[in-house]
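The block underneath contains the structure these notes are about, expressed in structure tokens.
Rule-based calculations on the coordinates, nothing more; no lab input. Bear in mind that the values here come from a model prediction, so they are computed numbers and not experimental data.
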Amino acid sequence: MLPSNPEYTALYHNLPRDASFWSFLFSIDQDLARTARQQACPCGGRLHSAKYPRKPRGGDNLPEEYGRRLSFCCERDGCRKRVTPPSVRFLGRKIYLAAVVILVAAMRQGPSPRRVRELSQLFGADRQTIARWQVFWRELFPQTRFWKVAHSRLVPAVAVEILPLSLLNAFLGRGDPCQDWGRLLLFLSPITISGGLASDVSR
Ligand SMILES: [Zn+2]
């Protein structure tokens, strides 16, 4: 059964894609980075800032900070291990902003799915890219160790058959769209680091 939340279509149009929303997400990333930096490298070395360049797509009015993924590097010679904290902006190696990867895939679902052509025009992602995102949410994501543990924290339960639409329904529409999106992206942030999409091999 598809959810019959009459407001969800409106929520899509309310993705706050303005500069203040993107700045808000950046401030969450800064918090995540601070936390990561407080923990030293496993070798005991201190972590130094070592941001790396990104060219995210799918957002308008992106602040300058979006050209960098926050990351750290161990200061010790012979180690130099890189530590990249979770992010609410970038979804692993995907070029598109995490919010867009969720939103576009969800808009292909539901009682009145948006056409690929329309979504391509809105977000600039081509047909193959959108198809890959759908496969990602439907097939890869539900198999991750993250999802197998984290989904039990969601009350009421989120329907795996209609990911990621069911995630949007679970997190959005509570109050301020910025805060709602922030909570959803923070929930998903563990999958944005290296190994975060590992699947559950013990099933
Ligand atoms: Zn180290």
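Hull volume per residue, based on the alpha-carbon atoms of the chain and their convex hull, is 135 Å³.
Measuring between their Cα centroids, segment 16-61 and segment 73-103 lie 8 Å from each other.
Would you compute, from DSSP H runs of 4+ residues alone, the mean residue ellipticity of the chain at 222 nm, taking -39500 (n - 2.57) per run and dividing by the full residue count, rounded to the nearest 500?
Details: 8 runs with 78 residues, N = 203.
Computed mean residue ellipticity for the chain: -11000 deg cm²/dmol.
Across the chain, Cα pairs under 8 Å and at least six residues apart give a relative contact order of 23 percent.
Considering only L172, L32, L154, the mean-square fluctuation computed in a Gaussian network model of the chain, springs between alpha carbons under 10 angstrom, is largest for L154.
In plain terms, if you count all Cα to Cα distances in segment 14-118 and split them into 5 Å steps from zero, the share in each step is 2, 12, 19, 19, 15, 12, 9, 5, 3, 2, 1, 0 percent.
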